[in-house]
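K.L.:
Here it is, the structure, as structure tokens.
The values are calculated or read from the model by the stated rules, or taken from the named source; none is laboratory data. This structure is a prediction, so every number in the text was calculated from the model and none was measured. Ideal geometry is used to build each Cβ from the backbone, glycine not excepted, and the neighbour counts take in all protein chains shown. Accessible surface is based on the protein model in full, side chains and every heavy atom, while ligands, DNA and RNA are left aside. Shrake-Rupley method; radii C 1.70, N 1.55, O 1.52, S 1.80 Å.
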Amino acid sequence: MRNVSQENQGQTHFEGRRYFPISQYFRHRFGERVAKISVSVAETCPNRSPNSTMEACIFCDDWGSAAYHHEKDRELLDQIRHNKKLVSRRLKSELFLVYFQSYTNTLDKVNILQQRFETALSEEYVRGLVVGTRPDCLPDRIFPLLNKVCETNYVLVEIGAQSFFNDQLEFLKRGHSAEKNIEAILKLNQKTQVDIGVHLIFGMPDETPERLIETARIINQLPVSNVKLHNLHVLSNTTLAEMYQRNEFVPDELDVYADKVILFLRHLAPNVAVQRLAAIANRWDELIAPKWTGQKMGPLDFIERKMKEAGYYQGDLFDQNQKPLTKIPSLIF
Ligand code: SF4
């Protein structure tokens, strides 16, 4: 199944919304509402693995972004069935995608990944997989497996790019470069049939309007069907928490963050779906700052309302002739 929906190209009204939400993208693609079931299966990532000389990313807590971290000791099938009930209480969906969310989900041996994928797809209400990973963890050996699954099911690989600027990636202690982000996206696109999503973090030092626009233009040039936006926020037991205590990092207020997201969205092509406009802290007790990240829908409503009041839409400043300053190779393999 191929990516990058063209059907929304040129559309500026998004069925009453101000941006192209992933729910609409999935509805166009599957013909009905589809929801994600998050599971925690992977146990580590390159930064956290016992032999690594790298540090954990400054924002990452011990659970590696897991939505239901307390469930990681359950069998995969148990997690899927249990979490489906939780999701179904909130969303009226009949179809689901299993989201391998925590840590890095392409690190294990291919036969282990295959078992996990087959287990997830064995439930009749599951229509596909969402696989969270890093740009430097996409070895060639997993591509045949991804392509095999794509023959019969939808697969979305979400890459934690976070930024396309090396100083910001160093600040986050990601351990990969901006060039690696671009290389991974192009390689995945050339060698597989998966849909590609990109995670981005806003709210870092040295984040100028020019950089936000450049980020949108880079995404516009890449084979990316969707983005997920996070505001950099402070969780306890993280390096960022220590920096926050020393006054070395101040998180954006909602108003400031909203302006950044809006600027980015206005330059983003209208056919790139948006999974989320801001982070939602799953573990409230761990959230130190900003407090607005603890509200589930409030910040999203705030940003969209602000766009509405100003008459803005995703892509209203998009110009397909405006290329990024960053060089994007057309073919690199
Ligand atoms: S954010 Fe991802 S890559 Fe970074 S330390 Fe956490 S789990 Fe590892």
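K.L.:
Can you pull out the residues in region 278-315 that are within 22 Å of L263 (Cα to Cα), in contact with a Leu (Cβ under 9 Å, 6 or more places away or on another chain) and either surrounded by fewer than 15 Cβ atoms within 10 Å (Cβ to Cβ) or basic (K, R) (or both)?
P.N.:
G298
K.L.:
Moving on to the next point. If you take the residues in region 9-51 that are within 16 Å of the ligand (Cβ to nearest atom), small (G, A, S) and part of a loop (DSSP other than H, G, I, E, B), which one is nearest to V110 (Cα to Cα)?
P.N.:
A42
K.L.:
Right, next: Restricting attention to region 170-210, which residues are more than 16 Å from the ligand (Cβ to nearest atom), among the acidic types (D, E) and farther than 23 Å from I280 by Cβ?
P.N.:
Answer for region 170-210, where residues must be more than 16 Å from the ligand (Cβ to nearest atom), among the acidic types (D, E) and farther than 23 Å from I280 by Cβ: E179, E183, D206, E210.
K.L.:
Let me ask another. Is region 100-109 home to any residue that is over 30 Å from A241 (Cα atoms) and in contact (Cβ under 8 Å) with a residue 60 or more places away in the chain?
P.N.:
yes
K.L.:
For the condition part of a helix (DSSP H, G or I), within 28 Å of H28 (Cα to Cα) and of a type outside the set (D, E, K, R), what is the one hit in V256, V261?
P.N.:
V261 is the lone residue from the list that is part of a helix (DSSP H, G or I), within 28 Å of H28 (Cα to Cα) and of a type outside the set (D, E, K, R).
K.L.:
Kindly provide the set of residues from region 73-127 that are touching a Phe, Trp or Tyr at 6+ places or on another chain (Cβ under 8 Å), open to solvent by 50 Å² or more (accessible area, probe 1.4 Å) and under 23 Å from P50 (Cα atoms), ordered by number.
P.N.:
Correct list: empty.
K.L.:
I'd like the full set of residues that are of a type in the set (A, V, I, L, M) and either at pLDDT below 95 or not in a strand (DSSP E or B) (or both), limited to region 184-210.
P.N.:
Across region 184-210, the qualifying residues are A184, I185, L186, L188, V194, M204.
K.L.:
In region 231-245, what residues are touching a residue at least 60 places away in the same chain (Cβ under 8 Å) and not hydroxyl-bearing (S, T, Y)?
P.N.:
N231, L232, H233, V234, L235, N237, L240, M243
K.L.:
Of (1) open to solvent by 40 Å² or more (accessible area, probe 1.4 Å); (2) in contact (Cβ under 8 Å) with a residue 24 or more places away in the chain, T133 satisfies all except one. Which?
P.N.:
Only one criterion in (1) open to solvent by 40 Å² or more (accessible area, probe 1.4 Å); (2) in contact (Cβ under 8 Å) with a residue 24 or more places away in the chain is unmet by T133, namely (1).
K.L.:
While we're on this one: Do we have any residue at all in region 153-168 that's farther than 30 Å from Y244 by Cα, among the polar types (S, T, N, Q) and crowded, with 18+ Cβ neighbours inside 10 Å?
P.N.:
no
K.L.:
Can I ask one more? Please go through region 9-32 and pick out each residue that is surrounded by 14 or more Cβ atoms within 10 Å (Cβ to Cβ) and within 21 Å of S93 (Cα to Cα).
P.N.:
F14, R17, F20, P21, I22, S23, Q24, Y25, F26, R27, R29, F30, listed by residue number.
K.L.:
Residues in region 192-212: is at least one among the small types (G, A, S) and either over 30 Å from G31 (Cβ atoms) or over 17 Å from the mean Cα position of the chain (by Cα) (or both)?
P.N.:
yes
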